[in-house]
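Single-structure report; data block below.
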Amino acid sequence: MTDATASSSGSSSVPSPIAPPADGELAGRHLLLGVTGGVAAFKACELARELQRRGATVQVAMTDAATKFIGTATFQALTGRPVYTDAWDGRIDNGMPHIDLSRGADAILVAPATADFMAKVAHGLADDLLSTLVLARDCPLLVAPAMNRQMWSAAATQRNVATLRADGVAVLGPGAGEQACGETGDGRMLEAQQLVEETIAFFAPKQLAGRRVLVTAGPTFEPIDPVRGITNLSSGKMGYAIARACRHAGAEVVLVSGPTALDAPLGVRRVDVRSAREMLAAVQAELAGQDLFVAVAAVADWRVANASTRKLKKTEGGGPPALEFAQNPDILASVASMPGGPYCVGFAAETEDLEANAQDKRRRKGVPLLVGNIGQATFGRDDNELLLIDAQGTTTLPRASKTRLAAALVGEIARRLPQARC
Ligand code: CTP
């Protein structure tokens, strides 16, 4: 037992330093974070914080080797809970920390998980608190491997990883890149944010398991000349949130995106485009085998027909340039009219008469489900309120973060999606 552990009060009533947000994506989840002895243990500090920021409660248990890298006091301060390292810890009333600590946990997440620790778990060994907790668990186990590339590729490690997977353990990563030892290759622990994302995905209901989904998002940019263009205020947040939620629900997701400042969601393949015509070409190239098409992009209806290949210059007394416009193709309508095409969901940007206009738009575009943004000025905001319009009528998804709404919307879409691809 380390000094910090020994000197802690033994009570779990220390207030958590991070007030867990009630609407966080991990709200109500109790996680046991196991930390084993690898240099990546430092990333587990940020992980503990980020899990709590998403609403989870985090109880840390460490191996002795882990305490050589990070002290228990750090995790105790970050989580506001005593940290356990010892199977004989007297602070648990019935003297059974190896059982008690994981009871009530929704999952055990071991990050970093060393080669040695994974070998132990694969073989059912239980010779310290954390390995005993893992063997005695009645909840899912997630491990985030972290090791040198040779250790990762060693036949024994790969056998152990295969055994863990076969036993239903979720193996998160590892990533590839520069390693603490100076070598480069597979075996790096995923970053804290990636592990949080994978943990959220782990808990999401797999309503789109085995499905393939194509999403458009963001604005389009229609050039006037090489340095100017026409675009709109779409931030891409809603489309990105939907792509992410589809992936969390188990789908393979391609995101065709106009210019945005956003990072592609983890595990989603992004295809970058600029103009509406580029977006149409990318959608057509990705369409084969898709089960679902969700058109969230704010596509410009018009492009400049006489765009200049040279920068337009002001001329003395010349006046403004005379721009001519041509209508852009309707991407959603063209996909919806394809025989044997995917189930199509559109979005409607309306400033008035949302329900009537959206119902009319749904019929005109030939899509089974159209989603309207309730209220104006949703562009760039982090929250939204949605009206779902299908042939049966309307359903409202009340105001919430775009993240929460996207997950709810994916549930609504999954309920309507034909069992076989239409
Ligand atoms: N859409 C599309 N291609 C276009 C225009 C729109 O795929 N050229 C899609 C959008 O991604 C959205 C839906 O159609 O899913 C409705 O977009 P919206 O801008 O509301 O409708 P418009 O068809 O542009 O009609 P209007 O601007 O006249 O309301």
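The values are calculated or read from the model by the stated rules, or taken from the named source; none is laboratory data. In this text, all values refer to a predicted model and were calculated from it rather than measured experimentally. Positions of Cβ are generated from backbone atoms using ideal geometry, with glycine treated the same way; all protein chains shown enter the neighbour counts. Protein only, heavy atoms only, side chains kept; ligands, DNA and RNA dropped before computing areas. Shrake-Rupley method; radii C 1.70, N 1.55, O 1.52, S 1.80 Å.
With every protein chain left in place, what is the accessible area of Thr163 in Å² (1.4 Å probe, nearest 10)?
Accessible surface of Thr163 is approximately 50 Å².
Divide the volume of the convex hull of the Cα atoms of the stretch 212-416 by its number of residues and quote the answer in cubic angstrom per residue.
Here the figure is 131 Å³ per residue.
Would you calculate the convex hull of the Cα atoms in the chain and tell me its volume per residue in Å³?
Hull volume over Cα atoms, normalised by residue count, gives 191 Å³.
At a 1.4 Å probe radius, which order do Arg310, Arg53 fall into by accessible area, largest first?
Largest accessible area first, the list is Arg310, Arg53.
Given the pairs Lys206/Lys361; Lys43/Lys120; Lys206/Lys365; Lys43/Lys237, which are separated by over 24 angstrom at their Cα positions?
Flagged as over cut-off: Lys206/Lys361; Lys206/Lys365; Lys43/Lys237.
List the trypsin sites (Lys or Arg not before Pro) in the stretch 168-227 that DSSP assigns to loop (not H, G, I, E or B) and whose Cβ has at most 15 other Cβ atoms within 10 Å. Which are they?
Those that pass, being in a loop and sparsely packed, are Lys206.
Of Ala326, Ala113, Ala249, which has the largest mean-square fluctuation in a 10 Å C-alpha GNM of the chain?
Ala326
Using heavy-atom solvent-accessible surface (probe 1.4 Å) with all chains present, what is the largest-first order of Asp86, Asp225?
So the residues, ranked largest to smallest area, are Asp86, Asp225.
Round to the nearest 10 and give me the degree value, 0 to 90, for the angle of helix 354-365's Cα axis relative to the longest principal axis of the chain.
Roughly 80 degrees between the two axes.
Treating the beta-carbon of each Lys and Arg as +1 and of each Asp and Glu as -1, no other charges, what is the dipole magnitude of the stretch 212-416 about its Cα centre, to the nearest 20 debye?
So the dipole magnitude of the stretch 212-416 works out to roughly 420 debye.
For the stretch 30-203, give the percent of accessible area contributed by carbon and sulfur heavy atoms, probe 1.4 Å, rounded to a whole number.
Reported share for carbon and sulfur atoms: 52 percent.
Collect residues whose amide H, placed 1.01 Å from N in the peptide plane, falls under 5 Å from the amide H of Asp225; neighbours closer than 5 in sequence don't count.
Counting only residues 5 or more places away or on other chains, the set is Ser308.
Leaving ligands, DNA and RNA out of it, rank Asp186, Asp89 by accessible area with a 1.4 Å probe, largest first.
From most exposed to least exposed: Asp186, Asp89.
Top mean-square fluctuation among Arg399, Arg81, Arg303, Gaussian network model of the chain, C-alpha springs under 10 Å?
Sorting by GNM fluctuation, first place goes to Arg399.
Scan the stretch 135-209 for GluC sites (Glu not before Pro) in coil per DSSP, keeping those whose Cβ has at most 14 other Cβ atoms within 10 Å, and list them by number.
When the GluC sites (Glu not before Pro) of the stretch 135-209 are filtered for loop state and at most 14 Cβ neighbours within 10 Å, Glu183 remain.
Beta carbons within 10 angstrom, averaged per residue: use that to sort the peptides 262-270, 28-36, highest first.
28-36, 262-270
In the stretch 295-422, how does Rg compare with the Kirkwood Rh, expressed as the Rg/Rh ratio over alpha carbon atoms?
My calculation of the ratio gives 1.10.
What's the carbon and sulfur percent of the stretch 247-316's accessible surface, probe 1.4 angstrom, rounded to a whole number?
Heavy-atom surface of the stretch 247-316 belonging to carbon and sulfur, 1.4 Å probe: 47 percent.
Using only alpha carbon pairs under 8 Å that are at least six residues apart, calculate the relative contact order of the chain and give it in whole percent.
10 percent
Counting residues in the stretch 30-203 as N, plug N into 2.2 N^0.38 Å and put the Cα Rg over that result.
Working it through for the stretch 30-203, the quotient is 0.95.
Enter the accessible area of Ser153 (Å², nearest 10), with the probe set to 1.4 Å and all protein chains included.
Roll a 1.4 Å probe over it and Ser153 shows about 70 Å².
How many nm separate the modelled label positions at Asp383 and Arg159, each set 7 Å beyond the Cα in the direction of the Cβ?
Label at Asp383, label at Arg159, 5.6 nm between them.
If you plug each phi of the stretch 149-155 into the Karplus form 6.51 cos²θ - 1.76 cosθ + 1.60 with θ = phi - 60°, what whole-Hz ³J(HN,Hα) values come out, in order, with x for Gly and Pro?
Result, ordered by residue: 4, 5, 5, 5, 7, 4, 4 Hz.
Of Ala348, Ala65, Ala44, which has the largest mean-square fluctuation in a 10 Å C-alpha GNM of the chain?
Ala65
Hey, how many Å between the Cα centroid of the stretch 266-296 and the Cα centroid of the stretch 50-125?
The two parts, judged by their Cα centres, are 43 Å apart.
Using a 1.4 Å probe on the protein heavy atoms only, what accessible surface does Lys311 show? Give it in Å² to the nearest 10.
Counting only protein heavy atoms, Lys311 exposes about 110 Å² to solvent.
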